[in-house]
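The values are calculated or read from the model by the stated rules, or taken from the named source; none is laboratory data. Please read these numbers as outputs of a predicted model, since none were measured by experiment. Counting neighbours? That spans all protein chains shown, and the Cβs are built from the backbone with ideal geometry, glycine included. With ligands, DNA and RNA removed, areas are computed over all heavy atoms of the protein, side chains included. Shrake-Rupley method; radii C 1.70, N 1.55, O 1.52, S 1.80 Å.
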Amino acid sequence: MADALEMNLCGRILLGVRRHGLSDPRRVAVLARAVVAVVDRQYPDGRPSLLALEPLITEQLVLLEAALMERKMRQALGSDSPTASLAASVTEEAPPPEAPEKRTLRKRTLKGKGHTVVAKSMDEKLKEGRQPVQELLQKDCVDLGLIDRKQAQRLIRGMLGKRPEDAEQEIVEQLRQILQDQVKGIIRQLKGGPWAKPQAQEEIRQDISHARSVKSLLMLTRQVIKERREWEHKHGKGGLLGGLLGGRRRGLG
């Protein structure tokens, strides 16, 4: 049978979580028991009065609301990673949330604690999701000579307002074509070079066509540079310090 604290929490949680698409009393009870567990861990020798517990309870309820909001945003982004806040395991039992609305950055100061809980907006989440690919474009792709800085900036601008996975796939399609063209240029320049045989040329073409991420294309680019350098070293050719095309940039590897 639920004790007074759990009953109190059930009522407060039910009032707060309905707007997040959660209204099942059984699931509300699960969330309430999660908060009770936090209280019991904090006070293993016995709970103080509800008045004394109020700052801790308020903190946990704010964290719970932030977790539910984060779960909505995660599902909108197609991510299945668990929430790293209170009741991470139990919030997964909640039904699918309503369609997320565009949110602004929200801050709430916890009563008596001086802490601030920040629920990031959808724009912030999308921006963070695009950041790793943008860094690869600005650094690795430029250093290897796959693209220049102007091309990198143009590709980054094209990512704005898009889901990270959609933006990356559009970029991958463009980088695949760029790498294919550069390999063709090397073959013409070196009269075949490391890919003199038609079979070798078809294999590298297939490898590039099957790349599905910027990272996999960078791996292929490094392999192309490595094979070119080895061929040039073996045949006494120049261009060992270049990138893909051997003259404009310092390649890696």
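Brief remarks on what is shown
- If the condition is being in contact with a Lys or Arg (Cβ under 9 Å, 6 or more places away or on another chain) and among the aliphatic types (A, V, I, L, M), then segment 134-146 contributes L136, V142, L144.
- Residue list for segment 155-178, restricted to those being open to solvent by 50 Å² or more (accessible area, probe 1.4 Å) and either within 25 Å of M122 (Cβ to Cβ) or in contact with a Lys or Arg (Cβ under 8 Å, 6 or more places away or on another chain) (or both): R157, L160, G161, K162, R163, E165, D166, Q169, E170
- Test: L240 is at pLDDT below 60 and open to solvent by 20 Å² or more (accessible area, probe 1.4 Å): yes
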